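Throughout, read-outs are computed from the coordinates displayed, never taken from laboratory work. If you're wondering where the values come from, they're calculated on a predicted model, not measured in any experiment. FYI the Cβ positions are ideal-geometry reconstructions off the backbone, even for glycines, and counts take in every protein chain you see.
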Amino acid sequence: MFELFFATGNKHKILEINEILKESGLDIKLVPIRGNKIEIQAETLEEIVSYALKQLKKKGVNYVIVEDAGLFINYFKGFPGPYSHYVYKKIGNKGILKLMDGIKDRSAYFKSVIGLIINGNFKLFSGVAKGKIANEIRGRYGFGFDPIFIPEGYSKTFGELQVSMKNRLSHRGKSARKLAEYLRHFFV
Ligand code: IMP
């Protein structure tokens, strides 16, 4: 079994991506390592991920992935987007619902960008899940904004879906499947 480092402290992300790798028939195990203490603040997830990859390469880490994701609310022109971590920490789901109070356009999307270093090369894989902000907090699965995000065509929030179902619809499910497809060239 090949061990691929994953620079993250988020066990939900590890679970979600591990499941995709397993489903894809890849004999790869994700091994968590500490990410950068300092994450740059940038306008795009791609910039944040590319910066993290550069830092990891400088440290001499080979065969590693990093992932950055965010919730983009259309009415707020994509806010919180790349600032999702800070906004979640400060105001949480309750705060987002309060900001959305009385707003008709509740459309939003999640985006995930996975960065990979393999054989010294950088690759990025992205995935988007469209949906809307719920009117209330629902569900106990997942993490972060999952309990207030309803994926397009569904009535349940991500917070009400188990990992395998969230993976079928989610931004991370999509970026991770692209990663798995790419890794297939190396390992199959
Ligand atoms: P991170 O910087 O990629 O860890 O993500 C920033 C913030 O976005 C996190 O603190 C979460 O609150 C939120 N987030 C990222 N991915 C997800 C997800 O899949 N579901 C719900 N919230 C997420």
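Some observations on this one:
- Using a cut-off of 25 Å between Cα atoms, the listed pairs Lys22/Lys89; Lys57/Lys89; Lys11/Lys57; Lys89/Lys132; Lys123/Lys156; Lys77/Lys104 include Lys22/Lys89; Lys57/Lys89; Lys123/Lys156 as exceeding that distance.
- Residue ranges 81-89, 66-74 sort as 66-74, 81-89 when ordered by packing (mean number of other C-beta atoms within 10 Å per residue, highest first).
- For the range 1-61, a Kirkwood radius taken over Cα pairs fed into Stokes-Einstein (25 °C, viscosity 0.890 mPa s) yields D = 192 µm²/s.
- Stokes-Einstein D for the chain, Kirkwood Rh over Cα pairs, 20 °C, 1.002 mPa s (µm²/s): 127
- Other-chain or far-sequence residues with amide H under 5 Å of Thr8's (modelled H): Ile33, Gly35
- Residues listed by number, the range 1-30, amide nitrogen under 16 Å from Phe122 label point at 7 Å toward C-beta: 7
- Put a dot 7 Å past the Cα of Gln162, heading toward its Cβ, do the same for Lys29, and the two dots end up 2.4 nm apart.
- Sorting 168-176, 57-65 by their mean Cβ neighbour count within 10 Å, with the most densely packed peptide first, gives 168-176, 57-65.
- The residues packed around Ile40, meaning those with a beta-carbon under 11 Å from its beta-carbon, carry a net charge of -3 if Lys and Arg are +1 and Asp and Glu are -1.
- 3J(HN,Hα) from dihedral phi, the range 144-150, Karplus parametrisation 6.51/-1.76/1.60, rounded to Hz, x for glycine, proline: x, 7, 3, x, 10, 10, 9
- Segments 178-187, 123-132 sorted - mean Cβ within 10 Å per residue, highest first: 123-132, 178-187
- Taking the range 2-187 and dividing mean pair separation by its residue count, relative contact order in percent (alpha carbons under 8 Å, at least six apart): 21
- FRET efficiency, 1/(1 + (r/R0)^6) with R0 22 Å, evaluated for Asn10 and Leu97 via beta carbons: 0.45
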